Amino acid sequence: MTSQHLLTIRERLTRTFIDQYRLNYCPQSCQHWVETFIGGQGWPDVDLKKGRESGEVIRTYLERVLAIAYRVNHAREPYVKSVLSCALYHWYQVNPNNWNWWWNQIGKQRLLGNIALLLDDDLDANWLKRIALDMPKKATMTGANLADLCHGVAIGALLEGNQARLAKAMRQLATTLQTTSDEGIQRDYSYQQHGAQIYNGGYGESFFNVALVWAYACEGSSFQFIDADKQQLLNYFEQGTLWMTYSRQFDFNVCGRSVAKPYLEKRDYHRNLAFQAQRLQSLAPHTRNQLESIRRFYEGFEAYPYQGFKVFWRSDYCSQVSAHYSVTVKANSCRTEPIEQGNQENLKGGWLGFGSMNITVTGKEYHDIFPCWDWRFIPGVTTPAVERAPKVWGSVEQVTHWAGGVSDGRSGVMTFELEKDGCHGLKSWFFFDGLVVALGAGISANSELPLATTLNQCWLEGEVEVGGQLPNSAEWVYHNQCGYISLDHRPINVERSLRSEKWHSINRHLENRDNLKEVLRLTIDHGLCLIMMDTPMPSYRQPLLTEQSVMRATQMSRS
C-alpha cells in the first residue's frame, strides 16, 4: 500500500504540472492528433523509427501523447483513452534508442513521467508499471544532469511506492543546492555547467525547475527540504535568475548553445518564470509581497522591480538592470569559458562570450534573431570580420587573467583583456544610470580582414535616426529607444538588411525558414564608443533617449 506521504506528493506534482501545462494546451491540436493517429503506425508525419537519429522525433511524439493524456485526465472519453493506450503501445513497440545518451536517460523520462502523473492507477496500471521501469534507479553525474536524474528516480519511486528510494533521491537532489566551485551554483549565484561556463539559462533553468517543484511537493512531509535549502532556492532566483531575465526570458549570454534553438529552447519562458515566483511564495512566505511583484513583472503587468548593477565574478559576467532597460556583458579569461557548441548546435557562435553585449529596452530586440545574425558581428565584440565555431562542449580559450568588475550596487565597471586568434585589446564598460561608456585600447589584430567593434545587431524596429553627412554612417544613431554616440567621431556604420532564417546553419537538427526579416547592424572601427539611455519618462516602456539628450551627449563628448 502506498503511504499517505507519497500520495500527497504525487497529488501535488500532478497539480503543479496541470497548472503549468494548461496554459499551453491546445484543444484543437489535440483533437487533430486524436483523429490522425493510426493504430500500429502512429502519426503519418512522425516516423518514430527515426527517433534513433533525431531527438526532436522523440520530443514531438511524446508531447502529442502527453496532450492526449491531459485530455483523458480531464474528460475521461473512452475513445480518447483507447487512442492514448494505442499511442503508448506503439511507443514501446518501436522504443527508439537515440544516439544521444541524454534522450535515453533524461529527455524521454521527463515526458513519460508527466504522462504517468496524468494517468490514474485504475485507468491502466500496466502502463504505469511500464513507465516506472523506464525511470532510472540511481542518479549520478553533476549539476543539472544530476538533478534531472534525481527527478527520474523520484518519479519511479512514486509510481512504485518506494519510500526509501524517494528519500535517497531527495537527499541527492538537495546536494545540487550547495554552492560549489565545480559544476552547479556558484558563490555569486551564476550557474556553471560543462566546466566554468555560465549556464543559468538552459542547464541552470532545468536544475531549478526540478529542485523547486520537488521542494514544493515535499513541503510538510517527511521528505521536506531543510530551511537552508529553501533559502538557497530563493537566493538563486533573486540574486541570479532575476538579473538575467529583464526580457522575460534569459539573456542570450547565459543560455549556452540554446541560442541555436527557437525561443531559446523554451516557448513559454515568461510563464515558467512567473510560475517559479509563485511556487517560491509558498516556500518563503516572508518575501510574499516581493515575489508577488516579481511574478506580476513576468506576467507583463508591472515594470521590472529592481535597479542596480551586479558583477557575477565567478563567471566573468555583469548585469545592469532598471525598470526601463537592461544591459549585460559576458567576457572570459583563463578561468572561464565562452559559450559552447554541442550536439551540432550553436555552430557559429564562437565570438559569444568575448565581450558580447545584450542591450534590451522593449524585450524583443533579439527574440529568435540568431538564425538571421551575421555571426561575424556579435553585439559588443571587437573582432576581425570572420566567423568562428565554438569549441565542442566548451573549453578555456584565453590565456589572459585580466577580467572582472566592480560595483557599488547601482553603478559599476566591467573590463577584460581580449587575446584570441591574433586579436588583442583592452576593453572596459562603465555603467551609469541610463548610460554605458564602452572604451577600447591597444586594439590590434594579426589579420588582413577589417577589424570592427559591433555596437549592436538587432531587429530593425521603426525609424533609424542618424547624425552626420554620409548616407551609411553617422556620428550618432538613435534606434528603438537607444542612442549610440562615437566619442572620437569615428563613423558608425549603419546597415539595414533583409535576412533569412537560416536555422540549419546554426543547428543541424532544424530546417531553414522562408521568412525574410529586417536586421539593423551598427559597427565602428576600433576605438571609443558611448551608448546612452536617457532618464526614462513615467511609463516604463516609454523612450529612454530623446534627440535633445543625444545632442547634449555629443556636445559633452566634444568638450
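The values are calculated or read from the model by the stated rules, or taken from the named source; none is laboratory data. Owing to the predicted nature of the structure, the values given are computational and were not obtained by experimental measurement. Quick reminder, even Gly has a Cβ in these numbers, built from the backbone with ideal geometry, and neighbours come from all protein chains shown. Surface accessibility is based on the protein's heavy atoms, side chains included, excluding ligands, DNA and RNA. Shrake-Rupley method; radii C 1.70, N 1.55, O 1.52, S 1.80 Å.
Would you mind finding the one in 225, 237 that is more than 13 Å from residue 173 (Cα to Cα) and in contact (Cβ under 8 Å) with a residue 40 or more places away in the chain?
Answer to the selection: 237.
Among the residues that make up the range 157-166, is at least one of them more than 29 Å from the chain's Cα centre (by Cα) and among the polar types (S, T, N, Q)?
Scanning the range 157-166 turns up at least one residue that is more than 29 Å from the chain's Cα centre (by Cα) and among the polar types (S, T, N, Q).
Please identify the pairs in which a residue from the range 255-276 that is more than 15 Å from residue 504 (Cα to Cα) has its Cβ atom under 6 Å from the Cβ atom of a residue that is modelled with pLDDT under 95 and crowded, with 20+ Cβ neighbours inside 10 Å, counting only partners at least 6 apart or on another chain.
255/202; 255/264; 256/202
If you go through the range 433-461 one residue at a time, how many are open to solvent by 30 Å² or more (accessible area, probe 1.4 Å), of a type outside the set (A, V, I, L, M) and at pLDDT below 95?
7
What number of residues in the range 42-58 are at pLDDT below 95 and either assigned to a helix (DSSP H, G or I) or surrounded by fewer than 13 Cβ atoms within 10 Å (Cβ to Cβ) (or both)?
Qualifying residue count for the region: 2.
Considering the range 22-41 alone, what residues qualify as being part of a helix (DSSP H, G or I), closer than 15 Å to residue 60 by Cα and out of contact with any Lys or Arg (no Cβ under 6 Å at 6 or more places or on another chain)?
Those that are part of a helix (DSSP H, G or I), closer than 15 Å to residue 60 by Cα and out of contact with any Lys or Arg (no Cβ under 6 Å at 6 or more places or on another chain): 29, 32, 34, 36.
Taking the range 288-310 as the search range and keeping residues that are surrounded by 17 or more Cβ atoms within 10 Å (Cβ to Cβ) and closer than 15 Å to residue 216 by Cβ, which one is farthest from the chain's Cα centre (by Cα)?
291
Would you call residue 398 in contact (Cβ under 8 Å) with a residue 40 or more places away in the chain, farther than 29 Å from residue 303 by Cβ and open to solvent by less than 10 Å² (accessible area, probe 1.4 Å)?
Against the criterion (in contact (Cβ under 8 Å) with a residue 40 or more places away in the chain, farther than 29 Å from residue 303 by Cβ and open to solvent by less than 10 Å² (accessible area, probe 1.4 Å)), residue 398 qualifies.
Return the only residue of 115, 131, 155, 106 being in contact with an Asp or Glu (Cβ under 6 Å, 6 or more places away or on another chain), within 21 Å of residue 14 (Cα to Cα) and either part of a helix (DSSP H, G or I) or in contact (Cβ under 8 Å) with a residue 12 or more places away in the chain (or both).
106
For residues that are touching a helix residue (DSSP H, G or I) at 6+ places or on another chain (Cβ under 7 Å) and open to solvent by 30 Å² or more (accessible area, probe 1.4 Å), scanning just the range 93-104, find the one that is nearest to residue 71 (Cα to Cα).
To start, the set of residues in the range 93-104 that are touching a helix residue (DSSP H, G or I) at 6+ places or on another chain (Cβ under 7 Å) comprises 94, 96-100, 103.
Cutting the leftovers down to open to solvent by 30 Å² or more (accessible area, probe 1.4 Å) gives us 97, 99.
Working: 97: 28, 99: 32 Å.
Applying the filter and picking the extreme gives 97.
So that you can scan it fast, the table gives a plain yes or no per residue for (1) surrounded by 14 or more Cβ atoms within 10 Å (Cβ to Cβ); (2) outside any loop (DSSP other than H, G, I, E, B); (3) not aliphatic (A, V, I, L, M):
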position	(1), (2), (3)
11	no, yes, yes
20	yes, yes, yes
61	yes, yes, yes
64	yes, yes, yes
80	yes, yes, no
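Mind listing just one residue for me: the one in the range 1-23 that is aliphatic (A, V, I, L, M) and in contact (Cβ under 8 Å) with a residue 12 or more places away in the chain and, of those, farthest from residue 66 (Cα to Cα)?
Out of the qualifying residues, it is 1.
Looking only at the range 473-495, filter to residues that are polar (S, T, N, Q) and not in a strand (DSSP E or B); which one of those is surrounded by the most Cβ atoms within 10 Å (Cβ to Cβ)?
Checked the range 473-495; the qualifying residue surrounded by the most Cβ atoms within 10 Å (Cβ to Cβ) is 486.
Check off (1) open to solvent by 10 Å² or more (accessible area, probe 1.4 Å); (2) in contact (Cβ under 8 Å) with a residue 60 or more places away in the chain for residue 361 and give me the number that stays unchecked.
Answer for residue 361: the failing condition is (1).
Would you pick out the residues in the range 229-284 that are acidic (Asp, Glu) and open to solvent by less than 20 Å² (accessible area, probe 1.4 Å)?
251, the sole residue that qualifies.
Of all residues in the range 417-472, which are in a loop (DSSP other than H, G, I, E, B), in contact (Cβ under 8 Å) with a residue 40 or more places away in the chain and touching a Pro at 6+ places or on another chain (Cβ under 8 Å)?
The answer is 434, 447, 449, 450.
Name the one entry in 505, 428 that is over 27 Å from residue 400 (Cβ atoms) and of a type in the set (Ser, Thr, Tyr).
The match here is 505.
I'd like to check which strands (runs of 3 or more DSSP E) are fully inside the range 320-410 and have at least 3 residues that are within 24 Å of residue 448 (Cβ to Cβ).
Correct list: 382-384.
Scan the range 172-213 residue by residue and report those that are in a loop (DSSP other than H, G, I, E, B) and open to solvent by less than 20 Å² (accessible area, probe 1.4 Å).
176, 177, 186, 188, 190, 193, 197, 199, 200, 201, 202
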